[in-house]
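Heads up: the structure comes next, in C-alpha cells.
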Amino acid sequence: MVYDANGEVYEYHTTEAHDMSLTLSISVQDLFRMNAIYSKFQIGSVSSKFPVRVLECTFESSDDKYDIVRLSKTISEEDPLLILGEQLAYLFYRLQPKNSRISPSDVLDLNIKYSNLHRECARVVNHQFLQKLEELKLSRYYYLMLSSMDSLRFNLIHYAVHEEIEIVNVDESNLLMNYAINTFVPSHDVEILTDILVNLFKDKSTKVEDASKNFEHQYLHIPVSVPFLGVLHQVEFLFDRKQRYRVGEPIEATLEIKSTSKWSNNDTREILASSSPARGDPKLPVSSSAFQFTVLNEDQWLLTGLRKHQFNLEGEHSVSKVDVCLVPLNVGELQLPKLNIQPMGGSNDQSIEVVNENALETILIVPELDSLTFSF
C-alpha cells in the first residue's frame, strides 16, 4: 500500500498467514439392522479454543439410490448447532437402498455449512472500526490497523450464549495499536484515531447488531462411501413374560436367529471415495454359510440344551430356531444371556455383526418363598 504523510510517499507491506487446516473433525459409525443402516456422525472442533457454529448439514444420495431419513434435530441458521470446547455433536441418519442391494462404489454426500466463532467476533469488531473510520474519512488507515486488530482475543463461550462480544485482552491490544498509530500515522490524525479506539473498546464488550451479522461461512463436502457387511445375525429369546420368576425355575424359551447377507458385496476390492484415505486390511465378505453360536453369561444362567450349536445361512435370508430352557442361578434383575457367533472354520477375516435384540432386557428373579437362607 502506498500512502502520503507529511509530503513524503511511503509504502506499507503486510503479510497474511492463512491456516488451511479444517476446524471441524468428522467421524462416522455405522450400525447394521435387518431393514436399514444407521449412520451416526460425530462432529467436533479440532481445537477446543475455537468453537464452531454448524448452520446446515445435509446427507443425501446424489444418484437417488437410497432413501435417507434424518433422525436427529434439523439444523438451520435460525436454530444452529453449537460445538463448544470438548462438547461433541451427534447426527443420526437411516439409510435404505431402494433396490435392496448396495455397492461399495456407491457414494453419499455429506455437506456441512459452518462458521468459526472467533472469525465472527473479529469481523464484527473490524466492521465497527471501519464504520468509525469512514464517518471521519480516515478509512485509509484501516489496513494499517488491521494487523494489530488480529491480536484481539474474545470470550467465545459468552459470545455463543449471549451474542455479545467480550474482548479479554483490551490493554495488550491497545499497546500494539498505539504503537502503530504513533509510528506510522501523521501527528494531526493521531488523536482522532486514539479516540476511536478508546470509544470502541471502553466497555470491553459489544452487542452484535443485525447489520454486523454478514459473516463469511465455510463449507465442507465429504463423499462418504456406503458401508457393507458380510452377514448380519439378529438374536432374540422368545418366551412368555411374567412379572417375576423364582430362582431355579425353568424358563422355556425359543432362541431365534435371523441372518441376512443383504448388506454384503461380492466384489472384494476396496473402493473408496476419492478424498478418503487408504484403509488397512479389509475384512472380506463371508464366503462360508455355516456358523456356530455360543451362549454367554454362564455365571447368571444355567442353559439346558445346546450351549453351542451349528446352523446354516440358506440364501440371502434365513431364520434358525432352537428350543432352550433357561434356569436363573441368582436373585435380582438378571440380563438375558448374550450370544457370540463365529463362522465355522475359525477364520477371523470374515465380516460378521451380531445384534442381541433383547440382551439388555432384564428379568426379575426372586428367592424361594418357602425357604430361609442364613449367611455366616
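The values are calculated or read from the model by the stated rules, or taken from the named source; none is laboratory data. Everything numeric in this text was worked out from a predicted model, so none of it was measured. Please note: Cβ atoms are built from the backbone with ideal geometry, for glycine as well, and neighbour counts cover all protein chains shown.
Considering (1) within 20 Å of Tyr219 (Cβ to Cβ); (2) under 21 Å from the mean Cα position of the chain (by Cα), the lone condition that Ser62 does not fulfil carries the number (2). Consider the stretch 127-159 and keep the residues that are at pLDDT below 85 and surrounded by 14 or more Cβ atoms within 10 Å (Cβ to Cβ). The one that is farthest from Val54 (Cα to Cα) is Leu144.
Looking at Thr15, Thr74, which is the one that is among the hydroxyl-bearing types (Ser, Thr, Tyr) and either closer than 30 Å to Val168 by Cα or surrounded by 12 or more Cβ atoms within 10 Å (Cβ to Cβ) (or both)?
Values: Thr74 fails: either closer than 30 Å to Val168 by Cα or surrounded by 12 or more Cβ atoms within 10 Å (Cβ to Cβ) (or both).
The unique qualifying residue is Thr15.
Condition check: more than 31 Å from the chain's Cα centre (by Cα), modelled with pLDDT of 90 or more and either surrounded by fewer than 16 Cβ atoms within 10 Å (Cβ to Cβ) or in a strand (DSSP E or B) (or both). Does Val324 satisfy that? It is false that Val324 is more than 31 Å from the chain's Cα centre (by Cα), modelled with pLDDT of 90 or more and either surrounded by fewer than 16 Cβ atoms within 10 Å (Cβ to Cβ) or in a strand (DSSP E or B) (or both).
Suppose we keep only residues that are of a type outside the set (D, E, K, R) and touching a residue at least 60 places away in the same chain (Cβ under 8 Å) within the stretch 50-63. Which one would you say is surrounded by the most Cβ atoms within 10 Å (Cβ to Cβ)? Please lay out each step first, then the result.
Start the filter on the stretch 50-63 by keeping residues that are of a type outside the set (D, E, K, R), which leaves 50-52, 54-55, 57-59, 61-62.
Still in the list and also touching a residue at least 60 places away in the same chain (Cβ under 8 Å): 50-52, 54-55, 59.
Values: Phe50: 15, Pro51: 21, Val52: 28, Val54: 19, Leu55: 20, Phe59: 22.
For the stretch 50-63, the residue satisfying everything is Val52.
Of the strands (runs of 3 or more DSSP E) lying entirely inside the stretch 129-244, those carrying at least 2 residues that are in contact with a helix residue (DSSP H, G or I) (Cβ under 6 Å, 6 or more places away or on another chain) and not assigned by the TED database to the domain that holds Ser318 are 164-166.
Step by step: first the residues of the stretch 101-114, then only those that are touching an Asp or Glu at 6+ places or on another chain (Cβ under 9 Å) and at pLDDT below 90, then the one that is nearest to Lys262 (Cα to Cα). Which residue is that? Result: Ser103.
Cβ-Cβ contacts under 7 Å between residues 6 or more apart (or on different chains), taken from a first residue in the stretch 64-90 that is assigned by the TED database to the domain that holds Phe41 to a second residue that is at pLDDT below 90 and exposed (fewer than 15 other Cβ atoms within 10 Å of the Cβ), are listed as Lys65/Lys98; Tyr66/Lys98; Asp67/Lys98; Leu84/Ile157; Gly85/Ser48; Glu86/Ser48; Tyr90/Ser72. Kindly establish whether Ser21 is out of contact with any helix residue (DSSP H, G or I) (no Cβ under 8 Å at 6 or more places or on another chain), part of a strand (DSSP E or B) and small (Gly, Ala, Ser). Spelling it out, it is not the case that Ser21 is out of contact with any helix residue (DSSP H, G or I) (no Cβ under 8 Å at 6 or more places or on another chain), part of a strand (DSSP E or B) and small (Gly, Ala, Ser). Here Ser21 does not qualify as in contact with a Gly (Cβ under 8 Å, 6 or more places away or on another chain), among the polar types (S, T, N, Q), at pLDDT below 90 and farther than 30 Å from Arg140 by Cα.
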